[in-house]
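Inspection log for the structure reproduced underneath, given as structure tokens.
The values are calculated or read from the model by the stated rules, or taken from the named source; none is laboratory data. Computed from a predicted structure; not experimentally measured. Cβ placement follows ideal geometry from the backbone for every residue including glycine, while neighbour counts extend to all protein chains displayed. Note: areas computed on protein heavy atoms with side chains; ligands, DNA, RNA excluded. Shrake-Rupley method; radii C 1.70, N 1.55, O 1.52, S 1.80 Å.
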Amino acid sequence: MIKPILIHPDPRLKKPCAPVADLSDDLRALADDMLETMYHAPGIGLAAPQVGVLDRLIVMDCVKEGEPEPVVMFNPEVLSSSDDLNVYEEGCLSIPEQYADVTRPAAVRVGWIDMDGNPQEKDFDGLWATCVQHEIDHLNGKLFIDYLGPMKRQMITRKSQKMKREMARG
């Protein structure tokens, strides 16, 4: 089921999320709904707070062409990151039509719990590394615009507020 995506500014997007203590069928269903929502948007990543759920859950798939490779992560955390940095033009489903260059570690090792409750660890680089860091930031109440200077951040926030008002009017 496609979920509505919260649009910045929404206070829920700035709240740190609680760890998932127990993998329930409801949480697994939420993960499936989030993947459907992400693909429909379309996007390459989505965090639970973006659909109004303050649990540590993200989904992502950075494959642009070919077979999809959906990844579902409960309680993801960056275990280590490279000294090398990458700059990617980032966007966000909660901040539609706004993009900015963000500098992040080029590679990260991430640990998480999968849909079956098994611990996983994997190294990510390139777009996958940027995406997983962006989504984990959401779980900590941080948006990509928080990496920008105050002027650029205010400009994007004003545009987002305007778009949100226009969407509310229908």
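General remarks:
- Residue check, residue 111 touching a Leu at 6+ places or on another chain (Cβ under 9 Å) and touching a residue at least 60 places away in the same chain (Cβ under 8 Å): no
- Residues (open to solvent by 30 Å² or more (accessible area, probe 1.4 Å) and either closer than 19 Å to residue 87 by Cα or assigned to a helix (DSSP H, G or I) (or both)) located in region 112-134: 123, 125, 127, 128
- Cβ separations smaller than 6 Å between residues 6+ apart or across chains give no pair from region 151-170 residues that are at pLDDT below 95 to residues that are outside any helix (DSSP H, G or I) and acidic (Asp, Glu).
- For region 105-112, the criterion of being among the hydrophobic types (A, V, I, L, M, F, W, C), closer than 20 Å to residue 31 by Cα and over 17 Å from the mean Cα position of the chain (by Cα) is satisfied by no residue at all.
- Long-range neighbours under 8 Å by Cβ, at least six apart or interchain, first residue among the aliphatic types (A, V, I, L, M) within region 64-81, second open to solvent by 100 Å² or more (accessible area, probe 1.4 Å) and part of a strand (DSSP E or B): 79/121
- Sole residue being hydrophobic (A, V, I, L, M, F, W, C), over 26 Å from residue 157 (Cα atoms) and within 13 Å of the chain's Cα centre (by Cα), chosen from 21, 48, 31: 31
- Output for region 157-170, where each listed residue is open to solvent by 50 Å² or more (accessible area, probe 1.4 Å) and in contact with a strand residue (DSSP E or B) (Cβ under 8 Å, 6 or more places away or on another chain): 159
- Out of 84, 101, 137, sole residue that is touching a Phe, Trp or Tyr at 6+ places or on another chain (Cβ under 9 Å) and over 30 Å from residue 23 (Cβ atoms): 101
- Scanning region 135-156 for residues that are part of a helix (DSSP H, G or I) and open to solvent by less than 40 Å² (accessible area, probe 1.4 Å) gives 135, 136, 137, 138, 139, 144, 145, 156.
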